[in-house]
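**Student:** After the C-alpha cells below, expect a handful of questions from me.
Only the coordinates and a few stated rules stand behind these numbers; no lab work does. Fair warning: this is a prediction, and the values are worked out from it, not measured in the lab. With ideal geometry, Cβ positions are generated from the backbone for all residues, glycine too; neighbour counts draw on all protein chains shown.
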Amino acid sequence: MKVLMINGSPRENGNIATAFKEMIQVFEKEGIEVIHYQIGKKDIRGCIACETCRNNGKCVFDDIVNEMAVKFEEADGLVIGSPVYYGSANGTLMSALQRLFYSTHFDKSYKVGASVVSARRSGCTATFDELNKFFTLSNMPVATSQYWNNIYGWEPGEGKVDDEGCQVMRVLARNMIFLMRSIEAGKKNIGLPETEERVWTNFTR
Ligand SMILES: Cc1cc2nc3c(=O)[nH]c(=O)nc-3n(C[C@H](O)[C@H](O)[C@H](O)COP(=O)(O)O)c2cc1C
C-alpha cells in the first residue's frame, strides 16, 4: 500500500516534518510505501478558474501539482500537513491543494485522508477543519487519532518535546493503516456501496 504525504511547510526540519517523521516510522515498520513532498518553498500559484482541467483532467500550470496528482492517483492514502499561518493553513499548501483536487478527475473514493497541523499557540482546530474539507467532499474517509492531530512548537523541531502531539501522530498512522487495510478487505469481501449518477446543482438549481 502507498501513502502520499504533502508537507506544506517551508521549513525542512520544522514541526510538521517532526510530526511526519513520527508517522513515517510507523508506515515503514508496517511496510507502507511513503511518497513524500515538501512544497513550502516552491513557487506554486493559485487556481485561476480557467477550467482547462475540465477537458484534460490536469492543471494548465504544469508544475509540481500535476506531478503530485499522478502520485495521488496511485496512493491508498493522503496525509496533508500544514503550519498554522494566521489561523489558517499556509498559502502555498492551499494553492496546491485547491488546484490538485479541482483539476484531477480520477476517483478519490475510499482513499484514506489525514490532516496534521502545527502551531506556536493557536489556530490548530480551524486549520484542521479546513484541511479535512478536501477529504470530506471527495468520498475520502478521514483517519483520526486519540486527539486532534496537532503538534506544538515555534522553532523548527520544537515539536519533538510535545510528547502528546508525537504520540497522536503515531496513533494516527496506525489508525490510517488499519483503515486502508480494512477498506481493501471490505472491497473484496463486502463490495463498494451502490453509486448514483451525480446530481450537480449550483445551490438549488
Ligand atoms: C506567517 C506565519 C504566521 C503564523 N501564524 C500563526 C498563528 O496564527 N498561530 C500560531 O499559533 N502560530 C503561528 N505561526 C507559527 C507556526 O505555526 C509554528 O511555528 C509552526 O510550528 C510552524 O510549523 P513548521 O515548523 O512545520 O513550519 C505562524 C508562523 C508564520 C511564519
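**Student:** Could you order the peptides 27-34, 193-200 from most to least packed, using the average number of other C-beta atoms within 10 Å per residue?
**Tutor:** Final packing ranking: 27-34, 193-200.
**Student:** Stretched out fully, how many nm does the piece from residue 60 to residue 190 gain, at 0.36 nm a residue minus the Cα gap?
**Tutor:** 42.9 nm
**Student:** Over the Cα atoms, compute the radius of gyration (one decimal) and Dmax (the largest Cα-Cα distance, rounded to a whole number) for the stretch 67-121, in Å.
**Tutor:** In Å, with Rg to one decimal and Dmax whole: 12.4, 37.
**Student:** Which whole-number percentage describes the relative contact order of the chain, with Cα contacts under 8 Å and a sequence gap of 6 or more?
**Tutor:** 25
**Student:** Next question, about the same structure. For the stretch 2-189, what is the convex hull (Cα atoms) projected area averaged across all directions, in square nanometres?
**Tutor:** Here the figure is 10.2 nm², rounded to one decimal.
**Student:** Lys and Arg at +1, Asp and Glu at -1: add these up for the other residues within a Cβ distance under 11 Å of residue 110 and post the number.
**Tutor:** 0
**Student:** Right, another one. In nm, what is the difference between 0.36 nm times the number of residues separating residue 144 and residue 200 and their Cα-Cα distance?
**Tutor:** Stretched out fully, the residue 144 to residue 200 stretch lengthens by 17.2 nm.
**Student:** How many angstrom lie between the C-alpha centres of the stretch 121-197 and the stretch 20-71?
**Tutor:** 17
**Student:** Moving on. Among DSSP beta bridges lying fully in the chain, give the percent that are antiparallel, nearest 5.
**Tutor:** Here the antiparallel bridges make up roughly 10 percent for the chain.
**Student:** Of the options 5, 114, 88, report the single residue whose Cα projects farthest towards the positive end of the charge dipole of the stretch 2-189 (beta-carbon charges: Lys, Arg +1; Asp, Glu -1).
**Tutor:** Farthest towards the positive pole: 114.
**Student:** To continue, here is another question. Mean residue ellipticity at 222 nm from the helices of the chain, using -39,500 (n - 2.57) per DSSP H segment of n ≥ 4 over the full residue count, to the nearest 500 deg cm²/dmol?
**Tutor:** Dividing the helical sum by the residues of the chain leaves -13000 deg cm²/dmol.
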